[in-house]
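Sharing a structure below in structure tokens format, with a few things to ask.
The values are calculated or read from the model by the stated rules, or taken from the named source; none is laboratory data. Computed from a predicted structure; not experimentally measured. Every residue, glycine among them, receives a Cβ derived from its backbone with ideal geometry; neighbour counts consider all protein chains shown.
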Amino acid sequence: MPHTDLVPLPHHVQEHEGPAFVLDHSTRIAAGEGTERTERWLRSTLGAATGLALAPAGPDDENTVRLSLDAELTAELGEEGYRLTVTSAGAQLTGGGPAGLFWGAQTLRQLLGPAAFRRAQLPGTVWQLPAVRIEDKPRFGWRGMMLDVSRHFMPKGGVLRYLDLMAAHKLNVFHFHLTDDQGWRIEIKRHPRLTEVGSWRARTKFGHRASPLWEEKPHGGFYTQDDIREIVAYARERHIKVVPEIDIPGHSQCAIAAYPELGNRDVVDTEALEVWDNWGVSPNVLAPSEEVLRFYEGVFEEVLDLFPEQDAPFVHIGGDECLKDQWKQSAYAQERMRELGLKDEDELQSWFIRHFDRWLSARGRRLIGWDEILEGGLAEGAAVSSWRGYAGGIAAAQAGHDVVMCPEQQVYLDHRQHGGEDEPVPIGYVRTLEDVYRFEPVPPQLTEEEAAHVLGTQANLWTEVMENAARVDYQAFPRLSAFAEVAWSDLPAAAQRDFAGFERRMTAHYGRLEALGVDFRPPTGPLPWQKRPGVLGRPIEGAPPNV
């Protein structure tokens, strides 16, 4: 199969007649100024796969992979663009910026074939790059993947692995969903009970809410602050920005279980609350007090220290699915609304969001939240993750706010991939590989000026029914590969996209995923160990049987 079957599809590929560039033990790397990260990555990753030393080259050495940056290429293809030229004498990889150079190195690796994605050399492999010239650049600056580690904890090694999988697909934003009702996953030194209590639940629902099944054992875990620093540094080496998410004012039961004073104590016995063991939306939300604001300011101070501005310019505060029943019942919350001059509970939620928008802005960061932060008025400077379809993103963009398009109906990868009974724990809509490939992040309702507020797009992996890394793999792949092409490549309108051509290129890409050890869903359906017969999921109410 041709090694030029690349995913995501480059902007321009021109194959040449002539012999390939064969890499052997005399092959070297010549690294120009500013190319150090990519040089390190090539030498460690390709060196392990090929068994080649890839020693530093002199200025006149042949049989060399040459790395450089070019300001003229920046003007032509942007900071994330690159040009790769391969002849029988060697390869020249030039980046518009350091990130573009790194994305070009990902393409170079694909050109070497699936064996280049292994961690050790396969005996007898001939390493060669076809004669080719590639010019490439991304469509969007925000090409994201969200990983929910709150519902099911993923140990640090699994997170680092997913950063590698993102890099292999030229995805550059890692949205790290660290807190929710079911678990708090980041060490906060000034509030140790957040992890001592909040990171563990007594048991876990197996399947979705309708399932009668339970896993009767504790589940949990958290990342130490040094773990977080390692994850951020690992992402930085791969030119991936990290967006930490700390949920407020809803999705906070684990925090209230750890510190009962954070809850609405005049309407619920917060001392009796535990970390939630079920799925859905908890009614237990934060109290609208100054003490709660100070508590979370302390949390965010440590978060900002762990996620430096150059690595994490955005901080996600959730803001979604905040049930307001307790505020309506709470005499304290109602008195606070009168004190603050707020007309309803939507404005009280907006007060929470606006406070942290100002707080983060004063520290050089930008707040981003789910599209519910539009309720009661959108905080100035805030960006929106549009998840409830396109409507929230359209409204935000039309109001001049930046948007990341991640509509549930298209790119929630916890949703099932097929309507068959063999699919494990059926959730939501059926969204096939082709459905994801035909996803269009920019709604046609937006003008050109409004569309400029669409920073990009993101696929989300919510892990209620993904109990381990193999299940995450199954839900993510191969659809994340299709999503990566939507986010990177300059594709035609959805209906005109060449899905047959993508499927053909995926034949080669499945070999890369296999070499990486990804437990993806095969095109023919789930393998025997990927099935979960009889475990109830969450079909969409009122939808046809296959939805």
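Got a sec? Which of E467, E514 is surrounded by fewer than 21 Cβ atoms within 10 Å (Cβ to Cβ), of a type in the set (D, E) and assigned by TED's automatic domain parsing to the domain that holds P426?
The unique qualifying residue is E467.
Let me ask something additional. For segment 23-34, indicate whether the set of residues that are free of Cβ contacts under 8 Å to residues at least 12 places away in the same chain and outside any strand (DSSP E or B) is non-empty.
no
Can I ask one more? Please name all residue pairs, on different chains or six or more residues apart, with Cβ atoms under 6 Å, provided the first residue is in segment 169-193 and is farther than 27 Å from T270 by Cα and the second residue is of a type in the set (D, E, K, R) and crowded, with 24+ Cβ neighbours inside 10 Å.
L171/R143; N172/R143
Here's the yes/no breakdown for (1) outside the structural domain of E271 (by TED's automatic domain parsing); (2) touching a residue at least 24 places away in the same chain (Cβ under 8 Å); (3) touching an Asp or Glu at 6+ places or on another chain (Cβ under 7 Å):
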position	(1), (2), (3)
W200	no, yes, no
R203	no, yes, yes
L213	no, yes, no
E216	no, no, no
F222	no, yes, yes
Q225	no, yes, yes
R238	no, yes, no
V242	no, yes, yes
E245	no, yes, no
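Among the numbered conditions (1) buried (at least 17 other Cβ atoms within 10 Å of the Cβ); (2) under 18 Å from F477 (Cα atoms); (3) outside the structural domain of N63 (by TED's automatic domain parsing), tell me where P114 comes up short.
Result: P114 fails condition (3) only.
Quick check on E449: is it without any contact (Cβ under 8 Å) to a residue 12 or more places away in the chain and farther than 30 Å from G183 by Cα?
yes
Looking at W359, is it under 27 Å from R143 (Cα atoms) and aromatic (F, W, Y)?
Yes, satisfied.
What's the total number of residues in segment 46-92 that are of a type in the set (A, V, I, L, M), touching a Gly at 6+ places or on another chain (Cβ under 7 Å), in contact (Cβ under 8 Å) with a residue 40 or more places away in the chain and not in a helix (DSSP H, G or I)?
2
In this structure, is D414 within 19 Å of the chain's Cα centre (by Cα) and in contact (Cβ under 8 Å) with a residue 60 or more places away in the chain?
yes
Now for a different question. Does G369 meet the test of being in the same structural domain as P249 (by TED's automatic domain parsing) and either surrounded by fewer than 20 Cβ atoms within 10 Å (Cβ to Cβ) or part of a helix (DSSP H, G or I) (or both)?
no
So which residues in segment 412-440 are part of a loop (DSSP other than H, G, I, E, B), more than 12 Å from Q475 (Cα to Cα) and of a type in the set (S, T, Y), if there are any at all?
Y429
Can you tell me how many residues in segment 452-481 are farther than 18 Å from L163 by Cβ, under 14 Å from the mean Cα position of the chain (by Cα) and part of a helix (DSSP H, G or I)?
Qualifying residue count, segment 452-481: 1.
Restricting to segment 482-524, and then to whatever is among the aromatic types (F, W, Y) and touching a Pro at 6+ places or on another chain (Cβ under 8 Å), can you tell me which residue is nearest to R161 (Cα to Cα)?
Among those residues, the one meeting the criterion is F520.
Could I ask something else about it? Considering only segment 375-388, how many residues are of a type outside the set (D, E, K, R), in contact with a helix residue (DSSP H, G or I) (Cβ under 6 Å, 6 or more places away or on another chain) and assigned to a loop (DSSP other than H, G, I, E, B)?
Residues flagged as of a type outside the set (D, E, K, R), in contact with a helix residue (DSSP H, G or I) (Cβ under 6 Å, 6 or more places away or on another chain) and assigned to a loop (DSSP other than H, G, I, E, B) within segment 375-388 amount to 6.
Given the criteria surrounded by 15 or more Cβ atoms within 10 Å (Cβ to Cβ) and closer than 30 Å to T38 by Cβ, does Y259 qualify?
Spelling it out, it is not the case that Y259 is surrounded by 15 or more Cβ atoms within 10 Å (Cβ to Cβ) and closer than 30 Å to T38 by Cβ.
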